[in-house]
Every structure is written in structure tokens, then in C-alpha cells.
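Everything on this sheet refers to the single structure shown next.
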Amino acid sequence: MSAWDAIVIGAGAAGLFCAGIAGQRGKRVLVLEKAEKPGKKILISGGGRCNFTNINVDGARAAERFLSANPHFAKSALSRYPAREFLALVERYGIAWHEKTLGQLFCDGSARQIVDMLLAECAAAKAAGGEVSVRCDQTVETVAQDGDLFSVTANGETYAARNLVIACGGPSIPKMGASDFGYQLGRQFGLKIVEPRPALVPLTLGGDDVLFRELSGVAAPVEAQAGKTRFAEAALFTHRGLSGPAILQVSSYWKAGEPVSIDFLPGQAQGWLIETKAANPRATLGSVLREHLPDRLAATLAERIGLSGDVGNMPDKSLRKAEEQLSGWAFNPNGTEGYAKAEVTAGGISTAALSSQTMEAKAVPGLYAVGEAVDVTGWLGGYNFQWAWASGYAAGQAL
Ligand code: FDA
């Protein structure tokens with residue numbers, strides 16, 4: 001057994017960042033990673049370009065843009081390590097970046113640059129008198145606590161440290177080795193787990209909506225709503241149902257059995273179809289919709305609304321009803337595509353069990369939880385990495 005200041009389980013975004021911060025404070029940190037290389041989710045993120053943060057993330061807006069049983073929990077860590085700090089680090093490493101849309105920052109080159117930067121930050125511990133050792137192909141199997149030491153076994157070896165950081169992520173994308181191991185550890189130490197569920201995930205359609213699957217591949221800018229939350233982004237029809245950024249966003253808020261409502265023509269003023277009737281009475285509903293929407297989608301919506309002939313011959317009442325349908329089309333998803341396709345897992349280790357300043361378990365000194373393993377889930381668009389950096393920073397400063 002060799003004694004470390006801290007053992008971090010998981011060399012993902014949160015674990016690597018936390019280890020680098022602690023190492024640069026002179027700590028000796030061992031990072032154990034079950035995959036053959038560190039940062040695998042970072043490498044595939046953002047289509048290989050890693051949407052590494054969102055410039056609109058800050059503590060003040062945390063409660064609105066992060067889901068959690070306690071939406072205020074994330075404020076403290078996100079205020080102390082805001083997006084601009086991570087951006088400054090990226091720039092110090094000379095990594096070129098661009099804003100794609102809605103504050104989403106991506107590497108110009110490759111996500112590999114972010115992983116290399118995190119590993120370089122870990123290596124920088126040496127100059128500060130610390131050490132970070134990142135060991136891959138090390139599946140942590142058991143953890144025990146003996147007095148003020150945690151002992152961890154991985155591949156038959158036992159390691160000990162006064163601090164243990166759960167940075168194992170959540171069960172999204174099991175084919176990459178993701179599991180609920182972090183929750184098992186939480187339970188072992190008496191931490192409550194908020195029921196986990198797939199989030200930022202495509203929705204599946206059945207029943208009457210099944211016909212929309214024929215539009216597989218068609219995308220359009222819409223406003224989608226689940227419960228009271230709305231997102232104006234693109235939606236995409238798939239062979240199983242609905243996807244695209246607007247749908248992934250609302251999926252985190254969607255509850256089974258409830259509808260998702262789509263405004264196919266956001267921004268159109270009330271009465272626009274009646275105005276169209278006056279201006280262009282010989283048009284059909286299908287031809288009017290084709291001016292605003294992809295052909296196949298326009299045809300399907302017109303057919304489903306069921307008004308045939310020239311708009312000039314349609315009663316205003318029918319046109320008003322058609323407008324209402326188009327601005328609040330109710331889909332009734334019969335489920336989601338599950339953890340296999342979920343970008344993140346909502347729920348996880350309850351924030352009630354943790355200090356919002358340090359991520360340390362209130363009842364178990366020396367035990368920390370960071371990143372996706374915790375019940376804090378961000379919007380699509382760099383929010384989840386920013387949570388990984390901010391929570392990793394909070395724990396890394398405290399170890
Ligand atoms: P993460 O899952 O990254 O790391 C956990 C690590 O623990 C893994 O490496 C795992 O192998 C390891 N581990 C688990 N059990 C273990 C055990 N028993 N022993 C040892 N190691 C163990 N977010 C964003 O902000 N911008 C984006 O562009 C994207 N894009 C994106 C694309 C895709 C396809 C997915 C699936 C997800 C995203 N995300 C994203 C979400 C983002 O990837 C996610 O929020 C972070 O990776 C979470 O970081 P963590 O470090 O908490 O977990």
C-alpha cells in the first residue's frame with residue numbers, strides 16, 4: 001500500500017481537472033481510470049471538437065440552466081470557476097476556438113487538445129512539488145474506509161489515501177464502459193441518490209405520431225416545449241421519433257406521459273394565415289407552408305391539418321385553428337432512446353449530502369463527488385463540461 005493525498009476514481013473531465021488543481025497545490029494524487037485511455041467522452045464530444053464550455057454559464061444563471069433537486073447548489077462552484085476562467089486556460093495553451101451559436105465554445109482543431117491540456121495540467125503538479133499519476137486500465141472494484149484512510153482496490157492492487165474523489169460520471173453510453181459505480185459508492189457511504197434518468201436524449205414516438213417517422217432526416221428550426229420550459233433551436237425527425245438540439249434540451253424536462261409541444265413557425269404573428277389568404281388567395285395550405293418549412297414537413301403538416309383547396313376559400317375560423325395547431329403541435333412521446341443515446345444522466349448523488357463549496361460529503365470527511373456523478377445536469381451546449389470543471393476545481397482546491 002502506498003499512501004497518496006487523494007485518489008480520484010475516473011480520468012474524465014471532472015477527475016482530470018480536479019487532480020491537476022490539487023497536484024498544483026503540492027498534493028500527491030492518484031487517478032485510476034478503467035478505460036485504456038483518459039478523457040474518452042471528451043474525445044467524442046462536440047462531434048470531435050469538444051464544446052468545452054458555454055460563455056453564458058455563470059453562477060447567477062445556474063438555477064435556470066442546470067437541473068437538480070436543488071437548482072441553487074451549483075451556483076457557488078460555477079461562480080468561483082466561471083466559463084471565462086476555463087477559456088483563459090484554453091487560451092494559455094494556445095488552443096484556437098470559436099463560438100458556434102448561443103455561447104457554445106468549440107475547439108477549431110480537435111477535442112484531443114483539451115485532453116492534452118488536462119494531462120499537461122496534471123504534469124504541471126511536479127513543478128509545484130506535487131504529483132499526479134494517471135493510471136489507465138484500472139477498474140476500481142472496491143473501496144473501504146479504515147479510520148481516516150480510504151483504501152481502494154483496482155486490478156488486485158490496493159491503494160490508500162486520506163481523500164477519495166468519486167469522479168466516475170453516470171451511466172450514459174454504456175458501450176463506452178459508463179456505469180452506475182459512482183452511485184454504488186455513494187450508497188455505500190450513506191449518500192442519497194436522486195433517481196437517475198437519461199437526459200439530453202432523443203424521444204421516441206408511437207401511436208398516431210408514428211407517421212412522423214416517415215420524415216426521418218428532415219430538420220427545421222422550431223420552438224419546443226416540455227412542461228413550462230421552451231427552447232428555440234432545430235428539431236430533427238428520426239426513424240424512431242424526434243431529436244435535434246431543441247428536442248434534446250426539452251427531453252431533460254420531459255416527464256413520461258406528458259406531451260411535447262412544437263411551434264413549427266416561431267416568430268409568425270397571430271393572424272398571419274389570414275393575411276396570407278388576403279395577399280395570395282390562390283395558394284394552398286401546403287404551398288404556404290412550403291415557403292417556411294422543408295417540403296416534406298410542409299406536406300405532412302398540411303395533410304394532417306386536412307384543409308384542402310385554395311386558402312382564399314377557407315373560412316377565417318379554420319385558418320385560425322390551423323395556426324393554433326402549427327404553433328402548438330402536441331406530440332406524445334412514448335419514451336426516450338435511453339442511456340444508449342443519452343448525452344448525460346440527470347439525477348445522481350444528492351447535492352443535499354455535499355458541501356456546495358468543496359463537494360465534500362458532509363457526513364464523510366475526505367469523501368468528495370464531482371462532475372456528472374452528482375445530481376447537477378446542464379443544458380446542451382458546453383454546460384455539462386463547465387460543471388465538470390467547476391466542481392472539479394472546488395474539490396481540487398479543498399483536497
Ligand atoms: P466522465 O464520464 O467524462 O468520466 C468518468 C470516468 O470514470 C470515465 O472515464 C470512466 O471510464 C471512469 N470510471 C467509471 N467507473 C470506473 C471505475 N469503476 N474505475 C475506474 N474508472 C471508472 N458536454 C459538454 O459540455 N459539451 C459537449 O460537447 C458534450 N458532448 C458530448 C457528446 C457525447 C456523445 C456524450 C456522451 C456526452 C457529451 N457531453 C458534452 C457530456 C459530457 O461528456 C459529460 O458531462 C462529462 O464527460 C462528464 O464528466 P465526468 O468527468 O463527470 O464523467
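Since every read-out is calculated from the coordinates, none of them should be taken as a lab result. Values in this document were obtained by computation on a predicted structure and should not be read as measured data. Backbone-built Cβ (ideal geometry, glycine too); neighbour counts: all protein chains shown.
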(Q) Give the aspartates and glutamates reachable from K228 as a straight Cα distance under 15 Å; neighbours fewer than 8 places away on the same chain don't count. (A) E64, E258, D263
Q.
I need the phi-derived Karplus couplings for region 385-392: 6.51 cos²θ - 1.76 cosθ + 1.60, θ = phi - 60°, integer Hz, Gly and Pro marked x.
A. 5, 4, 5, 4, 5, 5, 6, x
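Expressed as a rounded percentage, what relative contact order does region 203-336 have, with Cα pairs under 8 Å and six or more residues apart?
Once normalised by length, the contact order is 31 percent.
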**Q.** Degrees, to the nearest 10: 83-92 long Cα axis against longest axis of the chain
**A.** 70
(Q) Just to confirm the number: angle between the C-alpha axis of helix 295-305 and the first principal axis of the chain, 0 to 90 degrees, nearest 10? (A) 70
**Q.** For R49, distant residues with modelled amide H under 5 Å away
**A.** A111
Q: For region 53-79 and region 219-289, compute the distance between their C-alpha centroids and round to whole Å.
A: 28
Q: Report, ordered by chain and residue number, the lysines lying within cross-link reach of K40, taken as a straight Cα distance under 18 Å and ignoring same-chain residues fewer than 8 apart.
A: K175, K341
Q | Dipole magnitude of region 175-266 about its Cα centre (Cβ charges: Lys, Arg +1; Asp, Glu -1), debye to nearest 20 | A | 440
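How many times 2.2 N^0.38 Å is the alpha carbon radius of gyration of the chain?
Normalised Rg, Cα atoms only: 1.14.
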Q | Straight-distance crosslink candidates among lysines, where the alpha carbon sits under 21 Å from K192 and sequence neighbours closer than 8 are dropped | A | K75, K362
Q | Under DSSP loop assignment and at most 11 Cβ neighbours within 10 Å, longest GluC sites (Glu not before Pro)-free interval of the chain | A | 37-290
Q: Work out which trypsin sites (Lys or Arg not before Pro) in the chain are exposed loop sites (DSSP not H, G, I, E or B, at most 15 other Cβ within 10 Å) and give the longest gap free of them.
A: 1-99
Q.
What is the angle, in °, between the Cα long axis of helix 316-327 and the longest principal axis of the Cα atoms in the chain? Nearest 10 is fine, range 0 to 90.
A. 20
**Q.** Under Karplus coefficients 6.51, -1.76 and 1.60, residue-wise ³J(HN,Hα) of region 351-368 in Hz, glycine/proline x
**A.** 5, 4, 8, 10, 7, 6, 7, 10, 6, 7, 5, 4, 9, 10, x, x, 9, 10
Q: Among DSSP beta bridges lying fully in the chain, give the percent that are antiparallel, nearest 5.
A: 70
Q.
At 0.36 nm per residue, and after removing the present C-alpha to C-alpha distance, how many nm does the segment from T139 to E275 gain when stretched out fully?
A. 42.5 nm
Q: Tabulate in residue order the Karplus-calculated ³J(HN,Hα) for region 150-163, using 6.51 cos²θ - 1.76 cosθ + 1.60 with θ = phi - 60°, rounded to whole Hz; enter x for Gly and Pro.
A: 9, 10, 10, 10, 9, 6, x, 9, 10, 10, 10, 7, 7, 10
Q | Sorted by Cβ density within 10 Å, fewest first, the residues F231, F385, F189 | A | F189, F231, F385
Q. Does anything in region 371-398 have its amide N under 20 Å from the 7 Å Cα→Cβ label point of A128, and if so which residues?
A. 371, 386-398
